[in-house]
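Structure first, commentary second.
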């Protein structure tokens, strides 16, 4: 095995304005995201050798949108990690030497579904405990983790709500600095704590919005990237771990951590040569589909000790001026969650932070940035951890 | 990538109306056979690519069925080429050096949908945003697409209807004879020429027996580097070439598109042959697995793959070139005509026959002294096909 480290460069990225994009179709969003990435990389569509696109039945849309007759295009799906996994497969394609320049893109039109969350029809083939855990709304899954976390580490309901509210307030603040975020307004601690419940103990501000948007990355080998721009960003490590229903089938599963996150982070750190994430990471993007998701993720990726994340949240450790700023773009909470594209959107913020082009959100002296995505449900999460760093 | 990536074990389920089995059962049937053939355990698999068009990654179908623990799994979706594209993603990952041993697997249970063809509007529907010629062509059923090409082809090359019919009939009878010799085929009964010509018309000039049917099935392949394959000491095959091309809708929006050739297949084949160092495919390839969604699709593919000269496919078929004892035995497992169509597993199932042939395990279907096979898979519809062409061979 050979680490992916320093063998793949990002030469351009783009995202759409995220929001209720009734005026734009799926193809329009793909075009918007890809156009920005192509402009960023200063290349033309004809320079692209292969494409990876997120979402079911999306394969043929990329060539159609970019007028790329006959380049190879693959479609990939990995629930809410789709965008990050499309990026991963594109990175392998570059590292394999088969292609010089590869595009990874995805767009989601979640609002068209007519639901504000994900419609969970349930899977009729599941039985017993598996059916009970699996067939529920997404907020309910994460409510289970919040409840168990509180119990397991002895936090009171008030302490938990305070912690989660601090995360929501932080992400809303960061969102005000991001012109592409769906929500660009501050909220107060009271707003968050007193919001209506969605799935106890999670309230309205603990849940992100499923929304429309697209994102795109253009990858190349470093020797190709060098000819294109000076400030390309390097992939340092990529880890992916997918569940095998343990969380749905095993009594031992403890609901205070996501084993998929831990395994993915371990792989990515191993490749990047990172031994002490707290000391070595400058910036982190976590998959905050729910505030409790971000809370548990701190511990899973090793930037907070087990059970201690609420203390760090209280100290402001993950805020813009804290030790490790997390979700500087506003996270899923404020930029929204266009499902297939979200992983690429997370990477987009990491890319700009490493490149030093994050504008008012720029964290000082960024070296390594971690972008995390988590798709699926209890027992079948697909977690991706990607670490980006500067060239040379 | 040429010569660096190996397939060290494959498994394949029996095709058919597998109402008594779940998708998990079919994955176990194919996956365990592949793992055993490779001489590994499921704990040795570091990552997987999973072809299936009917479930989300959410269901953890593959990791659960084969007890893959918390390893990486990506679901691949590329219409009818889904299984082949899962294989390609696995090849690419191994070639990149990211993993040593990975799995490509696919499953589909289309008969659960109650259709013998694709479910209406899915997965080929181009959606409500298609307009004009795009919508008209895009919304057709797959046999209609095939028939459009066939009609145009016969006209362009002045093939008389009877001669065209004879060639198509010969393909059906040959494939169904092969299926009868394949214990894993879905249809194991040979058909007579008169049964083909007298079966009901599907889309003129294609009869029902010219078209493949959606059947349930799964297939799996263990992919690794050639160095690892040598270490495992099992019979393996080597990926010599891999070409992919996806259409950008040209066939639906350009008047100049001529419907006598599928550009995606032609371009994918050029890429695969270039990688494999093949300059004369008709001479250098000894066996072909062609995506015969219909006999018309197979007929055109002979030319697009360079196995028959342009305009001469009918002649080559009638000459017996693609019969078991011919120049390039084709679809020796019975093809899709005998094995049915499973989007998630399609390309994998086709490769399975090449794997058996090249590891001398094809039994009574064995082609003597075979060195190299070409495997061709197509997904999508006119103008937006994705074609994958794999060239696989014996280790040097």
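The values are calculated or read from the model by the stated rules, or taken from the named source; none is laboratory data. All values reported here derive from a predicted model rather than from experimental measurement. Here the Cβ is made from the backbone with ideal geometry for all residues, glycine too, and neighbour counts use every protein chain on show.
So residue A:236 ticks every box in (1) more than 14 Å from chain B (Cβ to nearest Cβ); (2) in contact with a helix residue (DSSP H, G or I) (Cβ under 7 Å, 6 or more places away or on another chain) but one. Which box is left unticked?
So the condition that residue A:236 fails would be (1).
Is segment B:273-285 home to any residue that is part of a loop (DSSP other than H, G, I, E, B) and touching a strand residue (DSSP E or B) at 6+ places or on another chain (Cβ under 6 Å)?
Yes, segment B:273-285 contains at least one residue that is part of a loop (DSSP other than H, G, I, E, B) and touching a strand residue (DSSP E or B) at 6+ places or on another chain (Cβ under 6 Å).
Just to verify a result, which residue in segment A:154-164, among those that are within 15 Å of residue A:294 (Cβ to Cβ) and touching a residue at least 60 places away in the same chain (Cβ under 8 Å), is surrounded by the fewest Cβ atoms within 10 Å (Cβ to Cβ)?
Going residue by residue through segment A:154-164, those that are within 15 Å of residue A:294 (Cβ to Cβ) are A:160-164.
Now restrict to residues that are touching a residue at least 60 places away in the same chain (Cβ under 8 Å): A:160, A:162-164.
Numbers: A:160: 22, A:162: 17, A:163: 23, A:164: 25.
Top of the filtered list is A:162.
Tally the residues that are within 10 Å of another protein chain (Cβ to nearest Cβ) and surrounded by 24 or more Cβ atoms within 10 Å (Cβ to Cβ), restricting the search to segment B:91-111.
Residues that pass the stated criteria total 5.
Identify, from the list A:383, A:350, the residue that is part of a helix (DSSP H, G or I) and either within 14 Å of chain B (Cβ to nearest Cβ) or touching a strand residue (DSSP E or B) at 6+ places or on another chain (Cβ under 6 Å) (or both).
Values: A:383 fails: part of a helix (DSSP H, G or I).
Answer to the check: A:350.
Filter segment B:214-256 down to the residues that are farther than 30 Å from residue B:12 by Cβ and crowded, with 19+ Cβ neighbours inside 10 Å and list them by number.
Scanning segment B:214-256 gives B:248, B:249, B:250, B:251, B:252.
Output the residue which, of all residues in segment B:337-396 that are at positive phi and surrounded by 24 or more Cβ atoms within 10 Å (Cβ to Cβ), is farthest from the other protein chains (Cβ to nearest Cβ).
Ranking the qualifying residues of segment B:337-396, first place goes to B:340.
Here are the criteria: (1) touching a helix residue (DSSP H, G or I) at 6+ places or on another chain (Cβ under 7 Å); (2) buried (at least 20 other Cβ atoms within 10 Å of the Cβ). Tell me which single one residue A:195 does not satisfy.
It fails just one condition, (2).
So which residues in segment B:5-48 are assigned to a loop (DSSP other than H, G, I, E, B), under 27 Å from residue B:391 (Cβ atoms) and touching a helix residue (DSSP H, G or I) at 6+ places or on another chain (Cβ under 6 Å)?
Hits for segment B:5-48 are B:13, B:15, B:39.
Within segment A:35-90, can you find the residues that are more than 7 Å from chain B (Cβ to nearest Cβ) and assigned to a loop (DSSP other than H, G, I, E, B)?
Of everything in segment A:35-90, those that are more than 7 Å from chain B (Cβ to nearest Cβ) and assigned to a loop (DSSP other than H, G, I, E, B) turn out to be A:42, A:43, A:44, A:48, A:49, A:55, A:58, A:81.
Residues that are in contact with a strand residue (DSSP E or B) (Cβ under 6 Å, 6 or more places away or on another chain), within 8 Å of chain B (Cβ to nearest Cβ) and surrounded by 24 or more Cβ atoms within 10 Å (Cβ to Cβ): does segment A:24-33 have at least one?
Checked against the condition, which is being in contact with a strand residue (DSSP E or B) (Cβ under 6 Å, 6 or more places away or on another chain), within 8 Å of chain B (Cβ to nearest Cβ) and surrounded by 24 or more Cβ atoms within 10 Å (Cβ to Cβ), segment A:24-33 yields no hits at all.
Go through segment B:49-74 residue by residue and tally those that are within 7 Å of chain A (Cβ to nearest Cβ), in a loop (DSSP other than H, G, I, E, B) and at pLDDT 90 or above.
5
Being in contact with a strand residue (DSSP E or B) (Cβ under 9 Å, 6 or more places away or on another chain), within 14 Å of chain B (Cβ to nearest Cβ) and in contact (Cβ under 8 Å) with a residue 12 or more places away in the chain narrows it down to one of A:336, A:375, A:356, so name that one.
A:375
With the condition kept exactly as written, say whether any residue in segment A:198-216 is within 14 Å of chain B (Cβ to nearest Cβ) and either surrounded by 17 or more Cβ atoms within 10 Å (Cβ to Cβ) or under 22 Å from residue A:106 (Cα atoms) (or both). Quick ask: steps written out before the conclusion?
From segment A:198-216, those within 14 Å of chain B (Cβ to nearest Cβ) are none; that's our starting set.
No, segment A:198-216 contains no residue that is within 14 Å of chain B (Cβ to nearest Cβ) and either surrounded by 17 or more Cβ atoms within 10 Å (Cβ to Cβ) or under 22 Å from residue A:106 (Cα atoms) (or both).
So for segment A:273-281 (the condition being in contact with a strand residue (DSSP E or B) (Cβ under 6 Å, 6 or more places away or on another chain) and either under 19 Å from residue B:46 (Cβ atoms) or at pLDDT 95 or above (or both)), does at least one residue qualify?
yes
Per-residue answers, yes or no, for (1) over 30 Å from residue A:26 (Cβ atoms); (2) surrounded by 22 or more Cβ atoms within 10 Å (Cβ to Cβ); (3) touching a helix residue (DSSP H, G or I) at 6+ places or on another chain (Cβ under 9 Å):
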residue: A:282; (1), (2), (3): yes, no, yes
residue: A:287; (1), (2), (3): no, yes, yes
residue: A:292; (1), (2), (3): yes, yes, yes
residue: A:304; (1), (2), (3): yes, yes, yes
residue: A:332; (1), (2), (3): no, yes, yes
residue: A:365; (1), (2), (3): yes, no, no
residue: A:389; (1), (2), (3): yes, yes, yes
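Would you be able to say whether some residue in segment A:99-122 is within 11 Å of chain B (Cβ to nearest Cβ), within 30 Å of residue B:241 (Cβ to Cβ) and either modelled with pLDDT of 65 or more or part of a loop (DSSP other than H, G, I, E, B) (or both)?
yes
Is it fair to say residue B:175 is touching a helix residue (DSSP H, G or I) at 6+ places or on another chain (Cβ under 6 Å), at pLDDT below 95, closer than 23 Å to residue B:346 by Cβ and in a helix (DSSP H, G or I)? Break it down into steps so the answer makes sense when it comes.
Details: touching a helix residue (DSSP H, G or I) at 6+ places or on another chain (Cβ under 6 Å): yes; at pLDDT below 95: no; closer than 23 Å to residue B:346 by Cβ: yes; in a helix (DSSP H, G or I): yes.
Spelling it out, it is not the case that residue B:175 is touching a helix residue (DSSP H, G or I) at 6+ places or on another chain (Cβ under 6 Å), at pLDDT below 95, closer than 23 Å to residue B:346 by Cβ and in a helix (DSSP H, G or I).
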